[in-house]
Amino acid sequence: MKILVAVKRVVDSNIKVRVKADGSGMETANLKMAMNPFDEIAVEEAVRLKEAGSATEVVAVSMGPGACQETLRSAMAMGADRSILVQTDADLQPLAVAKLLAAIVKKEVPRVVFLGKQAIDDDSNQTGQMLAALIDWPQGTFASKVKLADGNVEVTREIDGGLETVSLQLPAVITADLRLNTPRYVTLPNIMKAKKKPMETLRPEDLGVDIAPRLKTLKVTDPPSRKAGAKVADVKELVAKLRSEAKVI
Amino acid sequence: MAVLVIAEHHNGRLAAATLNTVTAATQLGGDVHVLVAGENIAQVAKAAAQVGGVAKVRTVDAAHYKDALPENVAPLVASIAKEYSHVLAPATTFGKNVSPRAAALLDVAQISDVVAVESADTFVRPIYAGSAMATVQSSDAIKVITVRATGFDAAAAGGGSASVEPVTATAPVDSAKLLGQELTKSERPELTAARIVVSGGRGVGSAENFKVVAALADKLGAALGASRAAVDAGFVPNDYQVGQTGKIVAPELYIAVGISGAIQHLAGMKDSRVIVAINKDADAPIFQVADYGLVADLFQAVPEMVAELGK
C-alpha cells in the first residue's frame, strides 16, 4: 500500500512574523523556515504505518519554490522513501494545491493521502477537504487516531464536542490533528541517508493544472492591539476590581 | 441573489454558532436562506425559521444526512449553491469539515474564518495565528465562507417567520460512515458560548492539579479551557484547547491560570472583553494582554480566589 503525504514549507512556528511596513503582506524574508508542524505529524503517521508493515511506500509531496526541497529532505529523513516537488514561484492557494495534489494522486495511485489539518501561515484548513472532493474520496479530517485495515480505515476525529470515529472506504484522505502522534527527531545518519533518496521535480504545467489565484490580498494589517492593564497586589484586590470596576462577576 | 447559511445542529437544536453566521450573512445584501439537512429535522427547521433576519429555510430530511458527513452534505450544498451569491458556514469543526469540500465541488476558493465583512466580495480574516489581519477579495462567482463566531453578534433566536421549503436530496454516498461519538460530558457551559472562561496551562502541572482550576470555573459558573501546552502534556482532552488550532473564544471574562501566553494561545482568546492572568512569572507574555494581572503561585491564589468569591 502506497501512502502520499503532502508537506508545506512555512516560517518556523517559534518565530513571530511581522506585517510588512507597506501592508502588502508578511515580512518573511530571511526567516527560519520549517515543515508545517501538522504536516510533520502527517509524515510521522505515514512512516509509522510503513514501519508497522501496513504500508509499503511513503511518498512526500511539496509545492512551491525550489527551497521546498529542504522540506522534502526533512520528510525523507523522517522516513519517506522518495519525494516529488511541484516547483513554482507563483502564489499557490488551497484550491490550486488541491488540484495539483489531485493530479499527482492520478499519477501515483496511493491508497491513502495524509496532510496536516492546517498550515500555520495562512491558517486556511482547506486543502485536504478540497482534495477529497476533487478525487471523490472520503475524508477523515482532524485525525487523532488512525487504524488502517484491508479495505477501510477507522479515523478518530477531534470535534468541538469531543471525539468521533468514522470508517472510511479506501482510498481515503486523512488530515492530521495535534494528538495523532509526536513526530520523531531526525538523526544525522537519517539526514545523510535522505540526501540519497530520489526527488522528482515537476512544474504545474506538466500536470495541466490551472493554479490561478482566486483570492487577492488587498492589505495586511496588525490586529487591533490590547494594552496591558494593571497588576493587582493580591486576590482580594483582584476580586474587588472584577466586581466593582470591570463588573463581570 | 440570496445568501445561503448551512445550519449546524445537534440533537434537534441549532448550534449557537449558526446564529452568528446568520448575522454575517445579513451583511452581504440579499435574502438569507438557511439550509437544514439531517434526519427528523422538523424541530430544527422550526427553530431556524424563527431566527431574526432569515427569509427562507430549506430543509432536506434523509437518513444519509443524519451524521452530517461531508461526503453527503457537501454534494447537497453544491447542488443548490448556484442559486446563491454566497454560501456560509460556521467556522466550527462541522463547517471546517464540510465547507471546503463543497467549495472544491463548485471550483471556487473558500475564505476561512472571516471576522468582518467589508463588502459583498471583500472580507477580513486572521492569518499567522492572528498576528495579522488580511483583507481579501474574491473573484469567484460564488463566495464560500466560514464565519468565526466571535467576529459577529448572534442573530436573535426568535421573532423571525421564515417560510420553509424542501430541497431535493442528493444520492446517498456510502464511502464513509459514523461509528460513534465520545462527547465530553460536562455540567459546565460550552466553551465557545460561555460568558466566563477559566483556562489552565502548563503551569498547572498535572491532570490531577487541574481540579484546582476546575473549582474556580465551577465557582464562577464558567467553562473550562486549556492551552495547547496543557493538552500536549495530557492534562485535559483536546476539546478544551483554546487557541489557533483549537477553539476561538471571546467571553466577557477570561481567566488564564498558569498560562504563559504563547501567540498561538492568544490567537484564541485575545478578543475577550476582560482578561485576567494569574502566573508566578512576572515576565510571562500573558500579562501584556491582561487587564488584571496577578503575579502569584496559582496553587495559593486560585483556592484563595474561590474562597473570596464565596464571601
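In whole percent, what relative contact order does segment A:2-244 give with Cα contacts below 8 Å and a gap of six or more residues? Numbers along the way, then the final one.
Numbers: 487 pairs, mean separation 57.0, N = 243.
Result for segment A:2-244 is 23 percent.
Find, among the trypsin sites (Lys or Arg not before Pro) in segment B:1-98, those assigned to loop by DSSP (not H, G, I, E, B) with at most 16 other beta-carbon atoms within 10 angstrom.
B:LYS66, B:LYS82
Against the 2.2 N^0.38 Å scaling, with N counting residues, where does segment B:9-67 land? I'd like the Cα-based Rg ratio to two decimal places.
Normalised Cα radius of gyration, segment B:9-67: 1.09.
Give me the one-decimal nm value for the distance between modelled label points at B:ARG13 and B:MET1, 7 Å along each residue's Cα-to-Cβ direction.
3.5 nm
By the gyration tensor of its Cα atoms, with a ≥ b ≥ c the square roots of the eigenvalues, what is the shape of the protein assembly as shown: rounded for a/c under 1.5, prolate for a/b over b/c, or oblate?
oblate
Give the whole-number value, in cubic angstrom per residue, of the convex hull volume spanned by the C-alpha atoms of segment B:108-147.
Here the figure is 60 Å³ per residue.
Mind checking Rg over Rh on segment A:136-249, alpha carbons, Kirkwood formula for Rh? Please list the in-between numbers first.
On the way: Rg = 25.1 Å, Rh = 21.0 Å.
Reported Rg/Rh, Kirkwood definition of Rh: 1.19.
On average, how much area does the Cα convex hull of segment B:1-123 cover when viewed from any direction, in nm²?
Mean projected area for segment B:1-123: 6.5 nm², to one decimal.
Relative to the compact globular guide of 2.2 N^0.38 Å, what is the alpha carbon radius of gyration of segment A:61-120, as a ratio?
1.12
Could you check how many percent of all C-alpha pairs in chain B are farther apart than 32 Å?
33 percent
Starting from the amide H of B:LEU35, placed 1.01 Å from N in the peptide plane, find each other amide H under 5 Å away whose residue is 5 or more places distant or on another chain.
The answer is B:VAL5, B:ILE6, B:ALA7, B:ARG58.
Could you state the orientation-averaged shadow area of the convex hull built on the Cα atoms of segment B:185-273, in nm² to one decimal?
4.8 nm²
Starting from the Cα of A:ASP150, step 7 Å toward the Cβ, then list every residue of segment A:50-75 with an amide N under 18 Å from that point.
Counting only backbone N, you get A:53-56.
Once you have the Cα-Cα distance between A:GLU57 and A:LYS16, take 0.36 nm times their residue separation minus that, and quote the gain in nm to one decimal.
Details: separation 41, 0.36 × 41 = 14.76 nm, distance 3.61 nm.
Between A:GLU57 and A:LYS16, full extension yields 11.2 nm more.
Mind checking which aspartates and glutamates have their Cα closer than 14 Å to the Cα of B:LYS219? Skip sequence neighbours fewer than 8 apart in that chain.
Here the aspartates and glutamates satisfying the reach criterion relative to B:LYS219 are B:GLU187, B:GLU304, B:GLU308.
Please compute, over every Cα-Cα pair in segment A:2-244, the percentage with a separation greater than 23 angstrom.
Working: 15577 of 29403 pairs.
Of all Cα-Cα pairs in segment A:2-244, 53 percent lie more than 23 Å apart.
Rank-order B:180-193, B:28-41, A:47-60 by packing density, defined as the average count of other C-beta atoms within 10 Å over each peptide's residues, highest first.
Values: B:180-193: 15.0, B:28-41: 20.9, A:47-60: 18.6.
Output ranking for B:180-193, B:28-41, A:47-60: B:28-41, A:47-60, B:180-193.
Working from the alpha-carbon coordinates of segment B:98-235, get Rg over Rh, Rh being the Kirkwood radius.
1.05
Using a Förster distance of 35 Å, how high is the FRET efficiency between B:ALA215 and B:GLU165, based on the Cβ-Cβ distance and rounded to 0.05?
So the FRET efficiency works out to roughly 0.10.
Partner chain Cβ atoms within 10 Å, averaged over the residues of B:132-142 - can you pull that number for me? The partial results should precede the final answer.
Details: counts 13, 7, 11, 7, 8, 5, 3, 5, 3, 0, 0.
Neighbouring Cβ atoms belonging to other protein chains average 6 per residue here.
PRE reach from A:ASP210 (point 7 Å along Cα→Cβ): which of segment A:79-116 fall under 16 Å by backbone N?
Within reach of a label on A:ASP210, which here means backbone N under 16 Å from a point 7 Å along Cα→Cβ, segment A:79-116 contributes A:93-100, A:103.
If I take R0 = 45 Å and measure r between the Cβ atoms of B:GLU118 and B:ASP281 in this structure, what FRET efficiency does the formula 1/(1 + (r/R0)^6) give, to the nearest 0.05?
Between B:GLU118 and B:ASP281 the formula returns 0.70.
Using 1/(1 + (r/R0)^6) with R0 = 25 angstrom and r between the beta carbons of A:ASP89 and A:ASP222, what's the FRET efficiency to the nearest 0.05?
For A:ASP89 and A:ASP222, the calculated efficiency is 0.40.
Show the residues, 5+ positions off or on another chain, whose built amide H is closer than 5 Å to the amide H of B:HIS10.
Correct list: B:ALA15.
Hey, which of these cross-link pairs are over 29 Å Cα-Cα: A:LYS20/A:LYS247; A:LYS20/A:LYS197; A:LYS2/A:LYS196?
Flagged as over cut-off: A:LYS20/A:LYS247; A:LYS20/A:LYS197.
For B:LEU183, enumerate residues with amide H under 5 Å from its amide H, sequence gap 5+ or separate chain, H modeled in the peptide plane.
It is A:LEU163, by chain and number.
Using only the Cα atoms of segment B:126-176, build the gyration tensor, take square roots of its eigenvalues as a ≥ b ≥ c, and label the shape rounded, prolate or oblate: rounded if a/c is under 1.5, else prolate if a/b is larger than b/c, else oblate. Show your work: numbers first, answer last.
On the way: a/c = 2.12, a/b = 1.33, b/c = 1.60.
Judged from the Cα gyration tensor, segment B:126-176 comes out oblate (a/c at least 1.5, b/c at or above a/b).
A short reminder: the numbers here are calculations on the coordinates, not readings from a lab. Not measured: the values here are computed from a predicted model. Heads up, the Cβs are rebuilt from the backbone with ideal geometry, glycines too, and the neighbour counts pull from every protein chain shown.
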